[in-house]
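The values are calculated or read from the model by the stated rules, or taken from the named source; none is laboratory data. Nothing here was measured: the structure is a model prediction, and the numbers come from that model. All Cβ positions, even for glycine, are placed from backbone atoms using ideal geometry, and neighbour counts span all protein chains on display. Quick note on the areas: whole protein, heavy atoms, side chains included, nothing else; ligands and nucleic acids left out. Shrake-Rupley method; radii C 1.70, N 1.55, O 1.52, S 1.80 Å.
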Amino acid sequence: MNRPYTFINVAMTADGKIDTFERKGSLISSKRDKERVDELRALADGIIVGGKTLLEENPKLTVKSEALRESRIQRGLSPNPIKVGVATVADIKADSNFLNTGPAKLVIFTTEQTSNEQLKFLRARDVQVFVHSEARVNLKLMVETLKEIGVDHLMVEGGGTLNFELMRLGLVDEITIYLAPLMFGGLNAPTVADGLGLTREAALQLQLIDVQKWEDGGVFLRYKL
Ligand SMILES: NC(=O)c1ccc[n+]([C@@H]2O[C@H](COP(=O)([O-])OP(=O)(O)OC[C@H]3O[C@@H](n4cnc5c(N)ncnc54)[C@H](OP(=O)(O)O)[C@@H]3O)[C@@H](O)[C@H]2O)c1
């Protein structure tokens, strides 16, 4: 299968939560971690998030550091990677950071459940929209399409539903985690990998390739899948 090298990056609490039960996009990363994440973004050709993250966190998905954007330009790249969203039903607002923060090429993968009005609106805002005919976006087809449009390195920035499905389907090569010295609890708070879950026999096997104890009290972990 011809797909991008794909890595998930996540900031989570000691109990594996990536947000509180309020789902408002809580800050979990430390200052140092934010800098590391920005460096990862600058190395990617595309950054993908799930539809709920797009709506609930309103992320910019751009490289924050001017120096890093400049170094991309020097390498013959666009200042920001392609911003990619995946949503069964897309409902992207005119004032969203997805549409307004850039410059960046924009791509949405969705299904026929998205209204024609929204599809027209997105295309009028120069978003490249791929509409899949299945009940949910076909993630295998999606990553092949991303490769075809020039994404060799794909960074996944959550949330838990998208992370899980991509890992379950074997479409992820590595995962980096900033484990913050925090505990959110909450049965309904999102975790690093949600979805339906796996049995013990089907559990994904990870290989730990780096672990660092940071002065801010966090732990940095890097696994290969
Ligand atoms: N701390 C961090 O690093 C971090 C990073 C990102 C997000 N977050 C948090 O994560 C939370 C959101 O996560 P979430 O799990 O609710 O949602 P999500 O992963 O952001 O969004 C998943 C979306 O993708 C859609 N989708 C379409 N086809 C799919 C497929 N084949 N497989 C999987 N999803 C598919 C889902 O639609 P349907 O399910 O409706 O079909 C849903 O709209 C927010 O609270 C956000 O703040 C934290």
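For E39, the accessible surface of its heavy atoms amounts to roughly 100 Å² (probe 1.4 Å, protein chains only, rounded to the nearest 10). The value for the stretch 32-141 of Rg(Cα) / (2.2 N^0.38 Å) is 1.10.
Relative contact order for the chain: what is it in percent, counting Cα pairs under 8 Å that are at least 6 residues apart?
On the way: 449 pairs, mean separation 70.7, N = 225.
Computed value for the chain: 31 percent relative contact order.
Remark: accessible surface ordering of D95, D45 (largest first) is D95, D45, probe radius 1.4 Å.
Could you please state how large a percent of the accessible area of the chain is carbon and sulfur, counting protein chains only and using a 1.4 Å probe? If you can, show how the numbers build up before the last one.
Working: 5980 of 11690 Å².
That share works out to 51 percent.
Approximating the spin labels as points 7 Å out from Cα along Cα→Cβ, the E144-to-L206 distance works out to 3.0 nm.
From Cα pairs below 8 angstrom and at least 6 apart in sequence, can you work out the relative contact order of the stretch 1-129, rounded to a whole percent?
Values: 164 pairs, mean separation 24.5, N = 129.
Relative contact order comes out at 19 percent.
Here is the P(r) of the stretch 5-224: all C-alpha pair distances, binned every 5 Å from 0, give 1, 7, 14, 19, 21, 18, 12, 6, 2, 0, 0 in whole percents.
Can you give me the accessible area per residue for the chain, using a 1.4 Å probe, in Å²?
Numbers: 11690 Å² over 225 residues.
Accessible surface, normalised per residue, equals 52 Å².
Structure note, pairs K34/K147; K83/K140; K52/K83; K24/K83: Cα-Cα distances above 23 angstrom occur for K34/K147.
Order of 169-178, 5-14, 215-224 by packing, highest average Cβ count within 10 Å first? Don't skip to the answer; put the middle values down first.
On the way: 169-178: 18.4, 5-14: 21.1, 215-224: 14.9.
Ranked by mean Cβ neighbours within 10 Å, highest first: 5-14, 169-178, 215-224.
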